[in-house]
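The values are calculated or read from the model by the stated rules, or taken from the named source; none is laboratory data. Note that the structure is predicted; figures quoted are calculated from it, not measured. Because the Cβ atoms are built from the backbone with ideal geometry, glycine has one as well, and the counts that use them run over all protein chains shown.
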Amino acid sequence: MPKLLEGKFALVLGIANKWSLAYAIAEAFSREGATLALTYLGERQKGSIEELSTGLNVAAVLPCDVTRDDELAALTESLGRMNRPLHAVMHSLAFANREDLTRPFLETGRAGFLLAQDVSAYSLVAVARATAPLMTEGGSLSTLTYLGSTRVVPNYNVMGVAKASLEATMRYLASEMGERKVRVNAISAGPVKTASARAIKGFSTILDGAQRAPLRRNTDPAEVADAAVFLASDLGRGVTGNILFVDAGAQIMGL
Ligand code: IMJ
């Protein structure tokens, strides 16, 4: 079978460690023949992301804190200097203060609310603005979301509101970037045991709930990654502004 991303240049943001969905996605993109640029958050992370990148087809490992306009501008600059069009961008990051994912939603303060919005939702606009000038041949921008955007999931709280905002942001970007042949989509992944999820109280109860999913199992990072490959590839050419559920079917169930 021909590789689905052969000749494509892709940027993946949001690898924290080898369990990150972003890492599974980078592996899948690499397997399908893409050349990658990866980003890391803060100097402290640089070494570990460089280590994870060995074995993958990585051409650059670049700093990017999505809350900082200077780092986003430097990212555009560095990618521009690589002198090749960018075809795919994977936005796979989010953050809220831990307290805002444990105490009652009613107690969410302004600063925590805005932080979750800034890192988890506005960052899609920021990344789109930073990368659009490089997507000269058209391309695909994808993000990760979660069911907590439209349904109440215990403790997801301020992240649920941020994901609702992220999904709307995705649609507005899709409507505007279509004329440049850039598609914008979200993958709504079922619960996966990543560092972002393990930090959550009651997470194993949520994973057990997967026994009610049509496929009777949890979501595997590799199947989220394969959906990301589809969206980034030519196979996804007719898909934009969409939310693709990769959750073993869990989302359709009432109880
Ligand atoms: C997160 C919180 C509450 C319930 C949750 C999650 N469920 C799932 C997640 C049911 C699946 C994981 N998820 C979808 C997220 O988007 C996680 C985001 C997140 C996680 C943390 C943990 C550590 C921290 N800040 C965080 N910010 C965002 O300090």
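Summary of values
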{"read-out": "Residue within segment 52-68 that is more than 16 Å from the ligand (Cβ to nearest atom) and assigned to a helix (DSSP H, G or I) present", "value": "yes"}
{"read-out": "Filter result (over 23 Å from Tyr40 (Cβ atoms) and in contact (Cβ under 8 Å) with a residue 40 or more places away in the chain) within segment 105-127", "value": "Phe105, Thr108, Gly112, Phe113"}
{"read-out": "All positions within segment 203-220 that are near the ligand (Cβ under 10 Å from one of its atoms) and farther than 13 Å from Ala250 by Cβ", "value": "Phe203, Thr205"}
{"read-out": "Qualifying residue in segment 82-97 (condition: part of a helix (DSSP H, G or I) and of a type outside the set (Phe, Trp, Tyr))", "value": "no"}
{"read-out": "In segment 178-197, residue surrounded by the most Cβ atoms within 10 Å (Cβ to Cβ) [restricted to those that are farther than 16 Å from Ala22 by Cβ and out of contact with any strand residue (DSSP E or B) (no Cβ under 6 Å at 6 or more places or on another chain)]", "value": "Gly190"}
{"read-out": "Subset of segment 148-164 [farther than 18 Å from Leu13 by Cβ and either among the small types (Gly, Ala, Ser) or under 14 Å from the mean Cα position of the chain (by Cα) (or both)]", "value": "Gly148, Ser149, Gly160, Ala164"}
{"read-out": "Residue within segment 214-224 that is charged (D, E, K, R) and over 28 Å from Val127 (Cα atoms) present", "value": "yes"}
{"read-out": "Residues that are within 14 Å of the ligand (Cβ to nearest atom), in a loop (DSSP other than H, G, I, E, B) and out of contact with any Lys or Arg (no Cβ under 7 Å at 6 or more places or on another chain), drawn from segment 108-154", "value": "Thr108, Thr150, Arg151, Val152, Val153, Pro154"}
{"read-out": "Inter-residue pairs, beta-carbon under 8 Å, first closer than 15 Å to Leu93 by Cβ and hydroxyl-bearing (Ser, Thr, Tyr) and in segment 185-201, second modelled with pLDDT of 85 or more and part of a helix (DSSP H, G or I), 6+ apart", "value": "Thr194/Leu21; Thr194/Pro221"}
{"read-out": "Single residue of segment 40-87 satisfying the filter (under 21 Å from Arg183 (Cα atoms) and surrounded by 15 or more Cβ atoms within 10 Å (Cβ to Cβ)) that is farthest from the chain's Cα centre (by Cα)", "value": "Arg84"}
{"read-out": "In segment 158-202, residue nearest to the ligand (Cβ to nearest atom) [restricted to those that are hydrophobic (A, V, I, L, M, F, W, C) and over 24 Å from Phe113 (Cβ atoms)]", "value": "Val192"}
{"read-out": "Those residues of segment 198-253 which are of a type in the set (Val, Ile, Thr) and touching a strand residue (DSSP E or B) at 6+ places or on another chain (Cβ under 7 Å), in sequence order", "value": "Thr219, Val224, Val239, Thr240, Ile243, Val246"}
{"read-out": "Subset tally (residues that are surrounded by 21 or more Cβ atoms within 10 Å (Cβ to Cβ) and assigned to a loop (DSSP other than H, G, I, E, B)) for segment 234-255", "value": "2"}
{"read-out": "Contacts under 7 angstrom Cβ, first residue in segment 88-99 being within 14 Å of Ala195 (Cβ to Cβ) and in contact (Cβ under 8 Å) with a residue 24 or more places away in the chain, partner within 6 Å of the ligand (Cβ to nearest atom) and assigned to a loop (DSSP other than H, G, I, E, B), 6 or more apart", "value": "Arg98/Ala199"}
